Every structure is written in C-alpha cells, then in structure tokens.
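A.B. asks: Can you keep this structure in mind? I'll have questions shortly.
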Amino acid sequence: MKQDFCKLLQGNPYPGRGILLGRTPDGKKAVLTYFIMGRSENSRNRIFEATADGIRTKAFDESKMVDPSLIIYSPVRVCGKVTIVTNGDQTDTIYDALSEGHCYRHALKTRTFEPDGPNFTPRISGVITPAGTYNLSILKTMDNEADTCQRFFYEYDAPKAGVGHFISTYQGDGSPLPSFHGEPIAVTVDCNDPQPWADKVWTALNADNKVSLFVRFLDLETQKVQDVILNKHH
C-alpha cells in the first residue's frame, strides 16, 4: 500500500537524510528527491549548490564549519546517462565503479556505514537509468556494532506512474539515532512538474531540522532534466 509522502514526512521530525526515486503521475518523467536535515550547528550550516551534473554540499558560513568530514560531498552526479544519488562520498565510489564497467552493487560492497558512533549513520544510495528504472540501497550497522555491516539492495525494473520509493537514514529522532528499518516505503508522487513537488516536500519537512532539498525530474523521452534546489540558508 502506498503512503502519502508528505504526510509521512510530517509525522517524522528527524528522518535525517532521505532519497525518493519514482515516476510522475503522467508516467513521462523519472523523479529524484533528496533532502538533508541537521541537529547540530555544524550539520545545519550547509547549502546545496548546483554543479555541472548535479549538486554538492557546501558550508553556508565557512567560518563556522567545524568538521567537513561526512557532511561535505556530492550527493548527485551523472555517469554516462546514469544518475547517482547518495548521502555521502559513496557517490564518487559508485561513479568510479560505473566508469570502470562495474555496477553500483560492486561499488557499495567496498563501503560500510559511516564511522560516527554511536549513531553509525547508514549510507543510503540510489541510481536511475535513462529508462527510469531505479535501484536503492542501504548499508547499516547490526545492533549498533562498529564492525558488522548489513547491505541491502532493492531494484525496481517497472516503475509505476505516480509511485515512488523512499528510504532515509533514520527512523526518527533518538539517542542513538535509530537506523531506517525495513524495505523502502512505497509513496505517492502527485506532481508532474518539479517546482510544486519541491514546495510540497519542503513544507512537509520539520521546520527546525530541515537544511536543504534537491529535486530532479528527468524526461524519459528527451533525457532533459529540470532541477529545483531549496536551502534554509540563503
């Protein structure tokens, strides 16, 4: 059963970082949605900045940046015609693997969750093909152990119009933060254009914790993209 994506976000004050991949209601465009949230000043001191093929995170106020590790990276890149989205520098790991003729699974088998105990933040990743099929993955700790990684891969080879699949780093707030549990959540995508979709998702995210949002709609016929970036800091 599909859930209303915005209601799902409204009911969770801290999903952390999240990826939604899916299809517009008219079936003509692939949908990529990626957001970041933060509880610390260091995490909240970020914006998304456009690059040639996607985005990167950047400190909003360089003087307040304490530790760039794990929070400064390129969430979205394109390798050939494959779009990559992740919550960390595994974007580059996947990009390099695809460039060498390997698949995203090959890349992610070389990585684990983030070394930020006691949370051990999961690494979430997704790839979209030119045809609009997509894969999602999560690498996470088992029982908050520093040396045990679980790797899960989910592949969607026949996306349905108006449907997406959502995965996030956390189930919600807590100490330590509880890792996302279960399969990616099937959710509704109810906009054929990126701006109204971005506005709805941005409004649904917790006002105190949201930091940045990126939306990309990929036309499956022309391969043209439409991007929207929303940042809490301007």
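A.B. asks: List the equivalent ellipsoid semi-axes of region 9-105 in whole Å, largest first, each obtained as the square root of 5λ for an eigenvalue λ of the Cα gyration tensor.
C.D. replies: 25, 19, 12
A.B. asks: Under 5 Å between amide hydrogens, which residues at least 5 positions from T121 or on another chain qualify, with H placed 1.01 Å from N in the peptide plane?
C.D. replies: Amide H neighbours of T121: E114, D116.
A.B. asks: Could you name the aspartates and glutamates in cross-link range of K28, using Cα to Cα under 18 Å and dropping any fewer than eight places away on the same chain?
C.D. replies: The reachable aspartates and glutamates, counting only those whose Cα sits under 18 Å from K28, are D157, D190, D193, D219, E221, D227.
A.B. asks: Taking 8 Å as the Cα distance limit and 6 or more residues as the minimum spacing, I'd like the relative contact order of region 1-131 as a percentage.
C.D. replies: 17 percent.
A.B. asks: From the P(r) of the chain, could you give the percentage of C-alpha pairs in the tail past 26 Å?
C.D. replies: That tail contains 31 percent of the Cα-Cα pairs.
A.B. asks: Tell me, what ³J(HN,Hα) does each residue in region 90-96 have, in order and in whole Hz, if you take phi through Karplus 6.51 cos²θ - 1.76 cosθ + 1.60 with θ = phi - 60° and put x for Gly and Pro?
C.D. replies: 5, 3, 5, 4, 5, 4, 5
A.B. asks: Next question. Could you state the number of Å between the C-alpha centres of region 153-227 and region 97-120?
C.D. replies: That distance is 21 Å.
A.B. asks: At 0.36 nm per residue, and after removing the present C-alpha to C-alpha distance, how many nm does the segment from A161 to T133 gain when stretched out fully?
C.D. replies: 8.9 nm
A.B. asks: Holding the Cα-Cα limit at 30 Å, pick out from K160/K224; K140/K210; K2/K64; K2/K58; K160/K200 the pairs that are longer than that.
C.D. replies: K2/K64; K2/K58
A.B. asks: Just read off the accessible area of E183 with the full protein assembly in place, 1.4 Å probe, to the nearest 10 Å².
C.D. replies: Its accessible surface works out to 130 Å², give or take rounding.
A.B. asks: Shifting gears a bit: Which of the three applies to region 96-226, rounded, prolate or oblate, going by the alpha-carbon gyration tensor with a ≥ b ≥ c and a/c under 1.5 meaning rounded?
C.D. replies: oblate
A.B. asks: In nanometres, what is the gap between the two model label sites at S69 and H234, each 7 Å from Cα along Cα-to-Cβ?
C.D. replies: 3.6
A.B. asks: How far, in nm, would the chain grow between T222 and R105 when pulled straight, counting 0.36 nm per residue and subtracting the alpha carbon separation?
C.D. replies: Answer, rounded to one decimal: 39.4 nm.
A.B. asks: Between F153 and R39, how high is the FRET efficiency from 1/(1 + (r/R0)^6) when r is the Cβ-Cβ distance and R₀ = 30 Å? Nearest 0.05.
C.D. replies: Once the sixth-power term is evaluated, E becomes 0.55.
A.B. asks: Could you work out how far apart the two model spin labels at A52 and D143 are, taking each label as a point 7 Å from the Cα in the direction of the beta carbon, and quote it in nm?
C.D. replies: 4.8
The values are calculated or read from the model by the stated rules, or taken from the named source; none is laboratory data. Remember, it's a predicted structure, so these values are computed and weren't measured experimentally. Quick reminder, even Gly has a Cβ in these numbers, built from the backbone with ideal geometry, and neighbours come from all protein chains shown. The area values use the complete protein model at the heavy-atom level, side chains included, leaving out ligands, DNA and RNA. Shrake-Rupley method; radii C 1.70, N 1.55, O 1.52, S 1.80 Å.
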